[in-house]
Structure formats: structure tokens, C-alpha cells
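Read-outs throughout are calculated quantities, based only on the coordinates presented, and are distinct from any laboratory measurement. Here the structure is a predicted model, which means the values were calculated and not measured. Reconstructed Cβ throughout: ideal geometry from the backbone, glycine too, with neighbour counts over all protein chains shown.
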Amino acid sequence: MAEEGVPILEAKGIRKEYPGVVALAGVDLAVKAGEVHCLVGQNGAGKSTLVKVIMGATAPNAGELLLDGRPVTFHSPRDSMRAGISCIFQELDLVASMTVAENLLLTDLPGRLGFVNAGRRDARAATLLARVGATFGPQTLVETLAVADRQLVAIAKALAVDARVVLMDEPSAPLTEHELERLFVVIAELRRAGCGVLYISHRLEELHRVGTVATVLRDGSVVGSFDLAAMPIRKIVHAMIGADPPVAEGSAARPGQNGPLVLSITRVHVPGVCDVRGVLVAHGEIVGLAGLVGSGRTTLLRSLFGASKAEVDAQLDGVAYRPSRPGDAIRLGVGFVPEDRRLQGLIVDASVADNLVLPSLPRFSRFGFLSQGRLAALARRLIDTLQIKVASPRARAGSLSGGNQQRVVLGKWLEGRIRLLLLDEPTRGIDVGAKAELYAELRRIADKGVGMLIASSDLDELLPYCDRILVLFAGRLVDAFPPGEANRTAIVHAMVTGERTLEATA
Amino acid sequence: MSGRKDTRVGVARLPQLRAMLRPVLSRPLLAVFIIAVIVASRVSPAFLSSRNLLNLLQQSSIVGIIAMGMTFVILGAGIDLSVGSVAALSGMVVAILVTQHVPTVIAIILSLGVGAGLGLVMGSLAGFTGVPSFIITLAGLVSLRGVTYLLTDGSPVFGVPDDLRYLGAGFVGGGSGFVSQEGSIPVIGIIFIAVTVGAAVFLRMTRLGRYVYAAGGNADAARLSGVPVAPVVAFTFLVSGMLAALGGVLQTAWLDVGQPTASQGAELTAIAAVVLGGTSLFGGKGGVFGTFVAVLLLQIVSNILNLAGVSPYFQQIVTGLVLIVTVLLNWFIARRGLPMA
């Protein structure tokens, strides 16, 4: 592509540390005019952190940003926006209750003396919409638009501020194939207009359709920048994962599917979202659920817990199991660790003890009155067994570290008759050391006979810690990897394409 | 567990003094309350007389009982604007029933049932549909007042029998009956204290009580822990409706007449008392003892101003200021006391 000239946006030696983690260890990146630069890497490779640094949402510990060859410092996303950098996120920054035109020109409404000239506003908005090929008018309310159309509005907004560089973080995730085509047409338009585009996506198969150059991040460092024309997907996956061949360590001699089953799913069906058949979990077995965002992992787990409306046809220890609300599941010894710890797992303003005993209250009350002594003892025991680091059981749950908060959410289920634990992204936002400890804890719990289904986007944790890995794609179970046969490349292939096997796996 | 703040600031310095003052410093309400009592006793030596204190209790009781119900609703992250109208309606219902020679006990039970039923309906609408309780109870505020007027075409109901009057205006100990003597305690005050203690025990010691805190603290997390959130929310409104009805019944007993215009604006005083008492408007934090102290504080403030002969117009301004200052202090201490997120 346009090889001559300085890059529009250049990052040099960007380093960003968080307590206990190096998120970015000196990253270089250069985006040229008319280039669609893809940024790829596994979860936790540092993509989001790099985007945050570029848009000024967080300050790097070292390194510099150059815009048109001149060093710049952004103190806030507003700074970067003024300098010509636009960001398009999955959660679009649009005011849903206002019209498209008002959104496009929100900070730059034409008019005088504070009065808005509606005619000029709508005319300018219409021009912008035409450039992105929108089929709706400037007067349309944003809340009436589909996700794909909202995305067009966001892109048009980038054009409105004469963006030089457009960052797109997973723009394709919510789109259908047809909508994706339109997005690519718009991106081509941005290229023609001389913008640089930094494109982040998990869907590797679309890189070649949209991008020209790809930079691969791994563990906060750049593995390399490649011309996509000469780079098949297989090699990109290899670069993302690292040269070392994947080893599924520690999965020897687990109570495989031969043991008694705790859960046997005939079918879990949510029309249009999820249709999973034939999942079996044995007592003491840890089963991993791999899959992209939107593959139905969360829906499957929530359905099994009775937290989402679904047709569940399953058996728990051989008895028909059809939970219609979480209370049903809890009574039968099923626990759920939800995806968002602070929003769904914890009552952050309540005490650690109150959080720990909440699901157990029905079993610790008589005529509605709680037996305080036994509850306090239970809380202390859970804090001890899970080694939750907290000054007192009365401490506010929200004051704990991420890893300890997760232990509290886990601990809620460890009283009494737990036999099946469903965990959704249990290690999100937890640092590396705490992750390993958490999985060690999960293994100890499993060894007592509890079966587990763990959904995670991070293969690095599923591979070493799970006895089996199931792959979901577009709401269906597409592949299963028994112990010892878990092959990272094959799993990633199944996750990304929904196809069963990649050539002949070695 | 309720609203207890973690005071870490400056713990290293002056540890003993800190430890001694912590119960007061971490609760601005208590500090303001103590200051108010000191000021009041300076303004008038009569303030600390047992007669005046018992008067205070008596005057606080009706709004206090309504505020107890409001505390339930707000702990569950809702708001109940209908309590004033529910109180008036129930106060009229009890008056009409007793003047039709329905036995007092049955009349009271029916009136409380009306309040509880109305609360349950509004709470169920809010809990199961997700329509903000603000809207639903605003509709209740307006329409139930209309119902109240319709009952008697707007006229008051006279002829409340003595057994009902006794609950609102009677005394025990000392002289007893309707005459207060040294050391006689108003029945209505005893009811207020009993309701407060009952509510506190309920919220602290029962499963349903803990569910109220959980549902208000984080509805999603509570649901995923097996808490039936919508029924719990509906229940808080049932309590609020029933206690508002009790307030209305006592109002009729105290005034000796069923007044359709009674308890107008009671919802705002009750909400003010709950917030002043340190219960979070976002739900899940706080408790009834804070509300109890706050109700007394509001009464003391107006009592001081009365004793000092301040115009009632100024009294309203001062009450507003006390509310704002205490809540700001609360907010300030909560922010400094909590570790940075």
C-alpha cells in the first residue's frame, strides 16, 4: 500500500504496567494513510490496553505517540479526538434517544447564538450518511436503529470530525454476514479518504478481506508486523499462540467420562441463540467451554442455572432437571459464578459474610428466622477454606482485590450439597498469580466430586486446567477434545470457523 | 452491617481519641443529634424535662411509623410516594367503620389490610413489570387521595370511640387514661418504639429481611443467588402500605376525627427521615435505627425553634438546612472513610 511518507500514527516503545502485570512491554506500531492495519492477539495480549493508550484513556509508563511524525501526548479521549483519532467501540457512544443528525454533530451543531439551524444540521448529516452508505435519514432516532446501522452512525461521526485515524475495536462481533459486507465497503471508503484504520478483531477469517497489514501481539509484545497478502491464517494463529507446540499438561488420570455423570444435557435450546445437544459432565470432572464472544457459552450456562428463558432437557444425577429460576437450581445443588463479578456476582456494598451466606439462607433459617451463630460460623469457615484475605468477615466485599472477590463469589456455592458448578469467565480481571490459585482451588473442589463447566475466552487457562474442552460456535457444540488430545491449533480453528478439524492435526 | 462505615483516615494518629470518637464521627447523624440536644437544652431548660421528651416522642410517632415502612422500600431500592394518601385513606376507613359500630379491633385490622393490599398491588406492579416505583406510587398518591375524598364526599368523620382514641392520645403509667402526669408514657410512642424494634429485628434476623438488603444492594446478584427479587420488592411495599395505614389509623385516633386531608406531604417527611437516617437511596444500605433517630432529630429541631419562638416559616428553612448538612456530612465521611475503589 502507500509505502511512502511518514505514518499518520506511530507508537514507539509503549510500555504500560499495572500492579503485578506488564500489559505492554514496549510496543511499536505504525499506521499509514490509506492502510487498514489489523491488530490481533489472544485475550490479554494487550490489544485493549494499546487502544486505551492511543486514545488517551490511560497514560503509558514509557514510550511515545507520534501523529504525522510529531510527538503528541493525550490526557483524555477528548484530546485524541481533537487531534483526529476516532474510536468505534462495540458499545457505541451514541445518545439513543436523539436523532442521527443530533448525534453526528452533537458537539458541533451549526447555528448562531445558541440556536440550532436544523436545516443545515440535517443537510450536513445527510452528506455524512451518504458517504457511509446509510439507508436511513438524519431524522431517524438512534434507538430505532439496528446495531449495524448504529455502527454506521458511529463511523459517520468519525468522518464528521475529520478523523485521520479510526480505531475499531471488534466492530464485526455483533454483525451478520450481510452487514459485515457493508462495513467492509465503508472501511474501503475510509481508506480512499486517506484515513488510517486500526482494526481489532477476533475473527481471523475476516482479516484478509478487510486488512492490508497485521500486527500480532503476544503477552504485551509485538511478535511482528506482516503483510497480510503473504500470511495465511494458520501462520497468524501460530504467531498469536507462540512457537511452542501446545501441551495439555496435567490432564492425566482424571475421572474422565467413565465416572458417574452429574449432568447430562439432551438439549438446551434458546431459539436463535443457542441449541446445544449432548453435553456430559462427570462427577469430579472439569469441562471447559471454548468459543468466541457470542458463541452461546454464557447463554448455555445461564440456561442451565434457570437464569435465562430456555428449553432445558437435561438430567442431574440421572433425574430430570428443568430449572425455571435460580432458586430451583440452587436447591438441587447447582451453583453459578457469573461473568461480571461486580455487577452480577457480588453485592459490593454488603459485607463479605453477607455475600458468602446469601444462597444458603433458606437452609439456615427456621420459621423465617436465621440462625445467626451458624451463619457466622459458615462465613468464617468459607473464608478459611478459600483463604480469602480479608480483615474481618464484616469488611465490605467491594474493598477486596479481584481475586479475593472471585473467591467470595465461588465460596457462596461451597456450602452443603453442591454437585455442579457453572463458571462464566471466572478469571476475568484477575492477575496471573491469582488465576493459578483459583484453578488450584477449583481442582480441589472437583476432587470432592463436584462437576464443573467453565466458560472462558482464554485457552491458556482452559488447556492446562480442564479435563475436556468443548467448542461452541454460533450457539452449537461443534467439537469436543478429550483429555490429552486438546490441540490448541485445532481448538482455535474450531472456535473461529465452526469447522470440526484443521487438515490432519499432528 | 447496616451503613457501618469504615473509618480509616488518620487511624494512625491519635488512635485512642479516634477509637473513642469513632461511633460518633462515623455517624454524622448521631453527632448532629447530640448537638441538637445540647442546643435545645441551652435554649430552654424545659427541653430535657421528661414531659417534653415524651411529648417529642408522641409528636414523632405517626410520621415515624410511616418512615419505618419507607425504610423497607428504600432498602429495596424503591420509593413509595403513596404513603400519605394510603394513611389518609386508612384513617378514613377506620373512622367510618368504628362509627358504623364495627368492633374497633376488627376495624383496625381491616384498615391495615387496606393499606397492606394497596402496597402489595403497587409493589407487585413495580417488582414484576420493572416500571419505576416512583411512577406507580405517584399514581397511587394522586388517585388514592381522590378515593379518600369520595368516601365521605370530602367531609370529616366524627365520633371516634374511646378505645380507638386511647391508641392515639392515651397514656400508660402515672395517671393513665387520657391525662398525662409525671412519668406517664404515650401509648402512641410505645407503638412507635415497638414498630421500630420489630422492624429492626425483622430486617436483621429473618431471611426475608436479609433478602430485602440483597435485592436492594444488587438485584442481579441477588437473583443469581436464588433470591426471588420481585416478590421481595412487592413485600417491602406491602410493609410500607401497612405501616402507612397504621400511621393513618393512629392519626384518626389522635385527632379524634377521620380527616380526608390528613397526612398530606407525609411521604416527603418520611423520605427525608430515611435519607437523614443514613439509608442509601440506591438501596441495600442503612436501617431503621437511623430512621428512628432522624425522625426524633427533625422533631427536636422544630421543638427548639418553637421554644425559641422562631416563626414557622423559618422553621421550614432550618429543617431543610439540617437535612442537607447531615446528608452532605454523611456523603463526605463515606467517601473519605472508604478505601479508594
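Which ordering of A:297, A:325, B:145 is given by a fewest-first count of other beta-carbon atoms within 10 Å? Walk me through the numbers before you get to the answer.
Numbers: A:297 27, A:325 13, B:145 20.
In increasing order of surrounding Cβ atoms, one gets A:325, B:145, A:297.
A crude spin-label estimate for the pair residue B:44 and residue B:281, with each label 7 Å from Cα along the Cβ direction, gives 3.3 nm.
Averaging the Cα positions of each part gives two centres, and for the stretch B:31-72 and the stretch B:143-207 these lie 17 Å apart. Taking 8 Å as the Cα distance limit and 6 or more residues as the minimum spacing, I'd like the relative contact order of chain B as a percentage. Result for chain B is 34 percent. Among residues other than residue A:322 with Cβ under 10 Å from its Cβ, the summed charge is -3 (Lys and Arg +1, Asp and Glu -1).
How do B:331, B:254 rank when sorted from fewest to most other Cβ atoms within 10 Å of their own Cβ?
Details: B:331 11, B:254 24.
Final ranking by Cβ density, sparse to dense: B:331, B:254.
Counting each DSSP H run of 4 or more residues in chain B as -39500 (n - 2.57), what helix-only mean residue ellipticity at 222 nm follows after dividing by all residues, to the nearest 500 deg cm²/dmol?
Working: 14 runs with 244 residues, N = 341.
Value at 222 nm, helices only, nearest 500: -24000 deg cm²/dmol.
Sequence-ordered 3J(HN,Hα) estimates for the stretch A:444-449 from the Karplus curve with 6.51, -1.76 and 1.60 and θ = phi - 60° stand at 4, 5, 4, 4, 7, x Hz, glycine and proline given as x. Where does the charge balance sit around residue B:231 when Lys and Arg score +1, Asp and Glu -1, over other residues with C-beta under 12 Å from its C-beta? Computed value for this residue: +2. Here the simple spin-label model places points 7 Å from the Cα toward Cβ, and for residue A:61 and residue A:136 these points are separated by 4.4 nm.
In chain A, the longest principal axis of the Cα atoms and the axis of helix A:488-497 are about 60 degrees apart.
In the calculated pair distance distribution of chain B, what percentage of Cα-Cα distances lie above 35 Å? The proportion of pairs with Cα distances above 35 Å equals 24 percent. GNM, chain B, Cα, under 10 Å: largest mean-square fluctuation among B:300, B:62, B:38? With Cα springs under 10 Å in chain B, the top fluctuation among B:300, B:62, B:38 is at B:38. Charges were assigned to the Cβ only: +1 to each Lys and Arg, -1 to each Asp and Glu. The resulting dipole of chain B about its Cα centre is roughly 1580 debye. In nm, to one decimal, how far is the modelled label at residue B:332 from the one at residue B:150, with both set 7 Å along Cα→Cβ? In this crude label model, residue B:332 to residue B:150 measures out at 5.0 nm.
Ellipticity at 222 nm from helices only: DSSP H runs of n ≥ 4 in chain A, each -39500 (n - 2.57), divided by the residue count, give -8500 deg cm²/dmol.
For the stretch A:349-415, the spread of Cα coordinates along the three principal axes comes to 37, 21, 16 Å, biggest extent given first. Looking at the protein assembly as shown alone, DSSP beta bridges between its own residues are antiparallel in about 60 percent of cases.
Averaged over every viewing direction, what's the projected area of the C-alpha convex hull for the stretch B:56-115? Give it in nm², one decimal, please. Before the final figure, lay out the partial values.
Numbers: hull surface 18.9 nm².
Answer in nm², one decimal: 4.7.
Rounded to the nearest 20 debye, the dipole size of the stretch A:349-415 about its Cα centre is 140 debye, using +1 on the Cβ of Lys and Arg and -1 on the Cβ of Asp and Glu.
Go ahead and run the numbers for FRET between residue A:184 and residue B:264, Cβ-Cβ distance against an R0 of 56 Å, rounding to 0.05.
Plugging the Cβ-Cβ distance into 1/(1 + (r/R0)^6) gives 0.30.
Ranked by Cβ crowding within 10 angstrom, fewest neighbours first, how are A:32, A:157 ordered?
Working: A:32 19, A:157 24.
Least to most surrounded, the residues fall as A:32, A:157.
Can you give me the pair-distance distribution of the stretch A:357-506, C-alpha pairs, 10 Å bins, whole percents? Final binned percentages: 9, 33, 29, 17, 9, 2, 0.
Based on C-alpha pairs under 8 angstrom that are at least 6 apart in sequence, the stretch B:105-188 has a relative contact order of 14 percent. Using only Cα coordinates, the Kirkwood hydrodynamic radius of the protein assembly as shown works out to 31.0 Å.
Lys and Arg at +1, Asp and Glu at -1: add these up for the other residues within a Cβ distance under 11 Å of residue B:138 and post the number. Overall, the nearby charge balance is -2.
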